[in-house]
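The values are calculated or read from the model by the stated rules, or taken from the named source; none is laboratory data. All values derive from a computational prediction rather than experimental measurement. When we count neighbours, we look across all protein chains shown, and the Cβ atoms used for this are built from the backbone with ideal geometry, even at glycine. Side chains included, ligands, DNA and RNA excluded: accessible areas come from the protein's heavy atoms. Shrake-Rupley method; radii C 1.70, N 1.55, O 1.52, S 1.80 Å.
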Amino acid sequence: MKPPRIRLMKDNIYGLMAEFDSSTELVEAAEKVRDAGYTKTDAFSPFPIHEMDEALGIKRSILSYLVFGGGITGLLLGLGLQYYTHVIDYPIIVGGRPHFSLPAFVPPAYELTILLASFTAVLGMLFLNGLPRPYHPVFNVPRFNLASREKFFLLIESADPQFDYPETREFMESLEAQEVFIVDE
Amino acid sequence: MQDVNDIVRKINPPMVEGDHDYGSVTDKISDITLKKRTPFGWFIGFGISFMVAQLLLFTTLYLVTNGVGIWANNQPVGWAFPIINFVWWIGIGHAGTLISAILLLLNQKWRTSINRFAEAMTLFAVACAGLFPILHTGRPWLAYWLLPYPNTMGMWPQFRSPLMWDVFAVSTYATVSLLFWYVGLIPDIATLRDRAKNKWFKYAYGLLSWGWRGSARHWHRYEIAYLLLAGLSTPLVLSVHSIVSLDFSVAQLPGWHATIFPPYFVAGAIFAGFAMVLILTIPLRVWYNMKDLITDTHLIYMGKVMLATGLIVCYGYAMEAFFAWYSAAEYEVFMMYNRMFEGPYWWSYWLLILCNGISIQFLWFKRFRESPFWLFIISIVVSIGMWLERFVIIITSLQRDFLPSSWGMYSPTIFDWTMYIGTIGFFFALIFLFVRMLPVISIFEVRTLLPEAEVKRKGEEH
């Protein structure tokens, strides 16, 4: 006979999650969580809330720099492609224009700049977000499916150095949340 | 107090009417997709569009087995219906990008309820547009020859040609529009995943949403990516139709060789596109009872954009005529005279002026601007007008160029028409499928329009 599973609160839960009714409540609660010194936190909302970045202490993403890099790569690729094809590999004079006809080469290089920058924006966003990720412990909370509808959730992960089961739970209950849930691993 | 409220309403009309909260807008929009019963009207609409789309299928089959000789393209009019229809469709697509990208950058909140299906319209219009040049190559299975790749012939595409620019512009435009549309859809597909009852739909939407969970850190990067895509799409959309216009204006042909072409084509594209958005919006909001989300204000704004861009297009017509005269180049003067009075298609020019120039003047008046019926009628007239514009520019210029000995008549064959009408059926069939399978309005963005979405700090009054 297997021994009954003992629930070691700190070890096999992913974190604690509090539910809120409005974006204002969520932001205010997030500020308190941040001020209390928790760092492994996250908030979930049915739409982007700009105040959340500051409330949770989210640093500005490096995505814009990646996109800039993607754009520059596209530009160089476009110019390089045209230089190689029209100057090195198959030089041919058309309409009396020089082999490297820069004005005519601008449109394709420009389009490739935009193409690569856009791909970087989308794929970079998904990559930095760790998506696709079909399973995530937060989905274990039955009411979490309302996060894509009308409810707001705040999460403190058990991996947070300050996390302590009864204490953190008490703290979260003091945030005027509708309810506090345990998120199973 | 009533008066003050009325004034506020007038200056800053609400974009969502009626008593809505996060839940009710979610239900309202996602129910179109999730409810089990497909409305009977949907089957009728889809059925008719799908039948019309068969014209495209059969014409393509006949074209591939017999060659482009089934069309009337011949010297001197080598570019005829395929390019008219290509430019018409791609122009229609531009309004979708304008609404989703440029109006986002300009912080126009009214874009939110219409951007999703305007973007879908863009994609489907570009799909229809792309068919024409590919089929016009005659051997569409070799269309990849347009792309630069190392080949056994040792040849490369000619990058000094605007036609090559077109390949890059249109393929980039199609790809970026798809990315933009899909990124916008991810949070909404997650909503569908969480709401779907059917196991298979849940699974499918779960896959398509990539496991989106609405995390604040994700939203942070999402918003950066979305804004950057808008910033990238804005110059893209302007470049695409400018490059399309360069296909013509780089040539030396009178009637094509004009510096006004790029801005004039871009304005025309947006003009035609808004007409198509109105054609789609007006029935959609009635059939799906969405007048609270797509309000009369939205229609009025679109009418105003149509009027403004239409006037730019009219300025283009005036400048074409003026510069033909002012240039004192006899071929230019003759081209304009031939186009307006003497040529075999003189009537198409005046029909164009009637459709694009005269019809929009009614939009100056509130009575017409505020009536969905009249907006719908004017939009259809404008769509026909914009098709005629490309017809006039392409056909009348090619028919009679410099040497009378090389003049010729052009009249389209039945296959020119079936191909064109077939793409219209194809386009509407895709729109019907989209309306049934994906959220037609961006749900998460409409949530942000609700007053309670604003974060109210204590001690701060908004």
Looking at B:Phe376, B:Phe341, which one is surrounded by fewer than 18 Cβ atoms within 10 Å (Cβ to Cβ) and over 22 Å from the mean Cα position of the chain (by Cα)?
B:Phe341
Screening B:Ala258, B:Ala321, B:Ala272 for residues that are within 30 Å of B:Val77 (Cβ to Cβ), more than 14 Å from chain A (Cβ to nearest Cβ) and assigned to a loop (DSSP other than H, G, I, E, B) leaves only B:Ala258
Looking at the range B:19-41, can you tell me whether even one residue there is open to solvent by less than 10 Å² (accessible area, probe 1.4 Å), farther than 18 Å from B:Gly425 by Cβ, of a type in the set (A, V, I, L, M, F, W, C) and touching a Gly at 6+ places or on another chain (Cβ under 7 Å)?
no
Checking B:Tyr222 against (1) among the aromatic types (Phe, Trp, Tyr); (2) at the interface with chain A (Cβ under 7 Å from one of its Cβ atoms); (3) surrounded by fewer than 23 Cβ atoms within 10 Å (Cβ to Cβ), the condition it does not meet
(3)
Listed residues A:Ala43, A:Ala29, A:Ala104; which is at the interface with chain B (Cβ under 9 Å from one of its Cβ atoms) and in contact with a strand residue (DSSP E or B) (Cβ under 6 Å, 6 or more places away or on another chain)?
A:Ala43
Output for the range B:183-219, where each listed residue is of a type outside the set (D, E, K, R), in a helix (DSSP H, G or I), facing another protein chain (nearest Cβ under 8 Å) and within 20 Å of B:Val446 (Cα to Cα)
B:Val183, B:Pro187, B:Ala190, B:Thr191, B:Ala216, B:His218, B:Trp219
Among A:Gly71, A:Gly95, A:Gly80, which is the only one that is facing another protein chain (nearest Cβ under 10 Å), part of a helix (DSSP H, G or I) and of a type outside the set (A, V, I, L, M)?
A:Gly71
Per-region count, the range A:159-185, residues outside any helix (DSSP H, G or I), open to solvent by 20 Å² or more (accessible area, probe 1.4 Å) and not hydrophobic (A, V, I, L, M, F, W, C)
9
Could you tell me which residue of the range B:146-164 is nearest to the other protein chains (Cβ to nearest Cβ), considering only residues that are open to solvent by 50 Å² or more (accessible area, probe 1.4 Å) and without any contact (Cβ under 8 Å) to a residue 12 or more places away in the chain?
B:Trp156
Any residue at all in the range A:14-25 that's surrounded by 22 or more Cβ atoms within 10 Å (Cβ to Cβ) and part of a loop (DSSP other than H, G, I, E, B)?
no
Could you tell me whether B:Leu131 is more than 14 Å from chain A (Cβ to nearest Cβ) and open to solvent by 40 Å² or more (accessible area, probe 1.4 Å)?
yes
I'd like to verify a number: residues in the range A:118-141 that are of a type in the set (Gly, Ala, Ser) and either in contact with a Pro (Cβ under 9 Å, 6 or more places away or on another chain) or at pLDDT 95 or above (or both), how many?
0
